[in-house]
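I have placed the structure first, in the form of structure tokens, so that the comments after it can refer back to it.
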Amino acid sequence: MFYRFNRGVAIGENRVTVTAEIGQAEELRNVPQPVTVIGTNEILERATSVLANVGEEEAGLNVQRTSPTIGAVVVRGLTGKNVVNYVDGVRYTNSAQRGGINTFFNLNEPSNLQAIEVLRGPNGAQYGSDSLGGTVNLLTKSPVFGTDRAEFHGEIVPTFNSADRSFGSSALFSYGTQKLGGYVNFSGRRINTLRTANELDSHSAITRFLGLPSSVLYQRNPDTEFTQYGGAFRLNYAPTDNQQIVFFYQRSQQDDGKRFDQLLGGDGNLIADLKNLMLDFGYLRYVKQNFGFFDSGSFTVSYNSQREERVNQGGQGNPLGTITHQYERTTATGFSFFLDKQLSYRNSFVFGGDFYHEKINSPAFTFNPVNTTSVLSRPRIPDEARFDSGGLYVQNAWQAIPDRLRITGALRYGSAFYKTRAEDSPIVNGQRLWQDDSLRGADFSGRIGAVVHLAKGLNLALNYSRGFRYPSMTDLGTLGLTGDGFEVDYLSSTNLGGTIGTTADTNAVSTSLPVAKQRSEISYNFDASLRYTNKRFDTEFTAFRLDLTDTITKQALILPQGAVGRFLGDQPIVNQLANGVVFVPASASPVLVRSNFTSAKLYGIEYELETHITEELKFQGNFTYIRAEDKDTSLSPNIEGGTPPPTGFLSLRYSPVGKKFWIEAYSNLAAKQDRLSSLDLSDRRTGAARSRTQIQNFFRRGACIRGLTTPGTNGQCGSPGGVLQATGETLAQVQDRLLPIGSTINGVRVINNDSSVPLFTYLPSYALFNLRGGIRIRENQQIFLAFENIFDAFHRNPSWGADGAGRSLTVQYRYKF
């Protein structure tokens, strides 16, 4: 991203965007695309534990929380693979990113950021693949320099929150001279166990499989604690008045994280570790004005390394189950540039391009606790897999009628290449763990939009775009445990004669469509916004529609009968239903496969309002409605992450003139969400489906290990017998209480022990009432306080791995010098 040379803070007012049009800093009211800008104060106030929380309170945005450590911003109902993330215009998303979550988004430190800009809607013409739902651009703080004398400044921000008993601080120190400015920022925080509303966990394995409240074992969610720490360094150097060199590097790490939804928060497993999530991200940028024929040019080289190690044991608490260790480090090196030129007839022209080379290092092994042996196993994505992507684009903004009509457009040609080699695979039992595979894809994407000035303060914005998303390493190569369950790659499915299921749950039947290599997804988007602004009133109404063709969704894998005993990676198939659906020990849900199964449409409205009732009193509000439909069935499509409910936000802020305090009452609102897909209903995080067989597994294994049930007849967990300590019931009595044979529960008839019935068929509405305010002690010191979810209301959205926080108090102290 290119910043004009003010030699101060590069990002200023929230009414200006540098993301909507590359190379331009333009007022929001003048760009066709709807843009959300979240400023420094909002980031610090909302992101007290993790960065993803900044998505709350904004029109068109929601928050995805897979675990306490993992989350992302949801844009127009899409997240994960469908929303691309950037840092200062450098691509942060890589092709190993999981489909419905962003494992590394929260490793970006909130105190490093000056602003976050979100383009709502596709913008593949400028930002390439994965921008089907939108683009999130994190803008780091720019150091102050260009002063006559050297200056040294700092900012220290300690924070405490009662809901998760978290505490931590950031400390930023900056130095600036006439030609040089820089800063270092150190941060660290400890997040402890989370207290949810009424000290209950709605999706607990105890509730799901035993029908008891989670409070019989815990009041605060266990295994939700973690530690995060890191640092950042930025240096801006201006050798001449028309040149600037920018260097930025950040290192961040999370320790002791766990997938709570795979443990007591969902499946009841004993091990689901997220070990040592690490981020090394940096770039070097050279910017020059009067670059030959062009007015300016910007050239950037970047490095992005994201590392994790996942350790999992399935079987719903089976202590003798095999333990998988999957290390992954995806490293991306990149180059991007753009050149801009003011042409005649009021045209602003930009030509640019980017290229990113990615390589994954992913050794994996499986440990058997019975015989204490280890064996090399198939990683989630084949080791040494490579993914190259890039493209060239042109962009133009034309003031067709000065102050009346502004037209913008962009066109991009992008391509990608994926390759894995069997020769990189170890040989286990005389067999290689994966095969040769490759894919090459290329296509055009573009957009055109206009802003029409209708009357004083009244603008109409129109925007149309076409985009595409090529299959990623995750789409093509994933074989292993993911957020929705255990997933298998298309090659392994094909080798076993797999076909695509009609749904993602146990009720799926074969479509007779063979599993095949995925193709690119295509999107078509149109949105229209009406904006009105005057001295006291600012409002915007947007309607949009997004059509997705060849949408990659997750469906149940259907195999020919006789699959039990066959292997998918290191996991044996332990159960197969009459319809061909199969199960492995790692997950309580059916095995899934990705395919270009359907076409979908998402449409909705976004409304924002801000008005100054008096000089001291300000009202804000927004509302978002999104509906997603499969074009063939009109049902909710199996797009990862689920569709958020209709949401609203209301705020009344009092800032008395001449006083040192402000106070704000605000509310987060959500309607009931009963449009859940078959993927949602089978997902442990949303529908939490269970069967009598799964009740048996947890009763004898995970519940016994944790002392909830007594050991079996041989005195050991895992064997038949035993009773539920809290009620004295036997296994059969618990099964008959929860899922009696012959009954119909939540629309599903329980035919046999393998009939899978969702615990929840909808997520209830909620209203959270909150207070926050600030007190300025001195000119350079202030205290921020927030009393949130005052009435301790339950709240949860699709694909959340835990309920939302209960009643909480946040205290934050800010000291500048």
request  = Please work out how much accessible surface residue 597 shows to a 1.4 Å probe, ignoring ligands, DNA and RNA, in Å² rounded to 10.
outcome  = 60 Å²
key: FRET efficiency estimate (nearest 0.05) - Cβ-Cβ, residue 247 to residue 153, R0 22 angstrom   = 0.70
request  = Specify the inter-centroid distance of the range 656-692 and the range 213-268, based on alpha-carbon positions, in whole Å.
outcome  = 22 Å
remark   = The farthest towards the positive end of the charge dipole of the range 589-685, of the residues 595, 655, 635, given +1 on Cβ of Lys and Arg and -1 on Cβ of Asp and Glu, is 655
task = Enumerate the aspartates and glutamates that residue 631 could reach by cross-link, defined here as Cα to Cα under 16 Å, with residues fewer than 8 away along the same chain left out.
result = 521, 547, 550
message = Set the bar at 28 Å for Cα to Cα. Now go through 341/816; 535/660; 359/601 and name every pair that lies beyond it.
response = 341/816; 359/601
request  = Could you pull out every one of the lysines with an alpha carbon less than 21 Å from that of residue 258, ignoring same-chain neighbours closer than 8 positions?
outcome  = 275
ask   = What full-extension length gain, to one decimal in nm, is calculated for residue 787 and residue 438 as 0.36 nm per residue of separation minus the Cα-Cα distance?
value = 120.4 nm
Cα gyration tensor, the range 50-116 - rounded (a/c under 1.5), prolate or oblate = rounded
note = On the formula 1/(1 + (r/R0)^6), with r taken between the Cβ atoms of residue 530 and residue 633 and R0 of 25 Å, the FRET efficiency rounded to 0.05 is 0.15
task = Answer with one residue from 532, 366, 250: the one whose Cα lies farthest towards the positive end of the charge dipole of the chain, charges on Cβ with Lys, Arg +1 and Asp, Glu -1.
result = 532
note = Pseudo-spin-label distance residue 179 to residue 663, built 7 Å along Cα→Cβ, given in nm, is 5.4 nm
message = For the range 44-153, what does the accessible surface come to per residue with a 1.4 Å probe? Please give it in Å².
response = 15 Å²
inquiry  = Taking the Cα centre as origin and putting +1 on Lys and Arg beta-carbons and -1 on Asp and Glu beta-carbons, what dipole magnitude results for the range 426-520, to the nearest 20 debye?
reply    = 580 debye
request  = Whenever you get a sec, line up 255, 683 from highest to lowest accessible area (probe 1.4 Å, protein heavy atoms).
outcome  = 255, 683
request  = Please sort 27-37, 123-133 by packing, taking for each peptide the average over its residues of neighbouring beta carbons within 10 angstrom, highest first.
outcome  = 123-133, 27-37
key: Dipole moment magnitude, nearest 20 debye, the chain about Cα centre, only Lys, Arg, Asp, Glu C-beta charged   = 580 debye
ask   = If you compute log10 I(q)/I(0) by the Debye sum over Cα atoms at q = 0.07, 0.08 Å⁻¹ for the structure shown, which of [x] -0.67, -0.88; [y] -0.51, -0.68; [z] -0.59, -0.77 do you land on?
value = [y]
inquiry  = Calculate the FRET efficiency for residue 817 and residue 384 from the Cβ-Cβ distance with a Förster distance of 60 Å, rounded to the nearest 0.05.
reply    = 0.75
For the range 493-575, size of Cβ-based charge dipole, Lys and Arg +1, Asp and Glu -1, in debye = 120 debye
inquiry  = If you average the alpha carbon positions of the range 386-402 and of the range 554-601, how far apart do those two centres end up, in angstrom?
reply    = 42 Å
query = What accessible surface, in Å², does a 1.4 Å probe find on residue 795, ignoring ligands, DNA and RNA and rounding to the nearest 10?
reply = 20 Å²
message = I'd like the distance separating the alpha-carbon centroids of the range 326-360 and the range 269-304, in whole Å.
response = 10 Å
ask   = Sorted by average packing, counted as other Cβ atoms within 10 angstrom per residue and highest first, what order do 738-745, 727-734, 621-628, 97-104 take?
value = 97-104, 621-628, 727-734, 738-745
note = Summing -39500 (n - 2.57) over every DSSP H run of at least 4 residues in the chain and dividing by its residue count gives a helix-only mean residue ellipticity at 222 nm, to the nearest 500 deg cm²/dmol, of -1500 deg cm²/dmol
inquiry  = Leaving out ligands, DNA and RNA, and with a 1.4 Å probe, what % of the accessible surface on the chain is carbon or sulfur?
reply    = 57 percent
ask   = By the scheme Lys and Arg +1, Asp and Glu -1, what is the net charge of all other residues having a beta-carbon under 15 Å from that of residue 503?
value = -4
ask   = Taking 0.36 nm per residue of separation and subtracting the Cα-Cα distance, what length does fully extending residue 399 through residue 537 add?
value = 47.1 nm
ask   = In a shell of Cβ-Cβ distance under 11 Å around residue 232, excluding residue 232 itself, what net charge do Lys and Arg (+1) and Asp and Glu (-1) give?
value = +2
task = Subtracting the Cα-Cα distance from 0.36 nm times the residue separation, let me have the gained length for residue 617 to residue 713 in nm, one decimal.
result = 27.6 nm
query = What whole-number value in Å² describes the accessible area per residue of the range 730-817 for a 1.4 Å probe?
reply = 46 Å²
note = The simple spin-label model distance between residue 346 and residue 417, using points 7 Å out along Cα→Cβ, in nm, is 4.5 nm
query = Sorted by accessible area (1.4 Å probe), largest first, how do 42, 21 line up?
reply = 42, 21
request  = With label points built 7 Å along Cα→Cβ from the Cα atoms of residue 460 and residue 165, find their separation and express it in nm.
outcome  = 5.9 nm
ask   = Using a 1.4 angstrom probe and counting only protein chains, how large is the accessible area of residue 723 in Å², to 10?
value = 50 Å²
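The values are calculated or read from the model by the stated rules, or taken from the named source; none is laboratory data. On a predicted model such as this, the values are computed, not experimentally measured, just so you know. Every residue, glycine as well, gets a Cβ built from its backbone with ideal geometry; the counts of neighbours run over all protein chains shown. Each accessible area value is taken on the protein alone, full model and side chains, heavy atoms only, with ligands, DNA and RNA left out. Shrake-Rupley method; radii C 1.70, N 1.55, O 1.52, S 1.80 Å.
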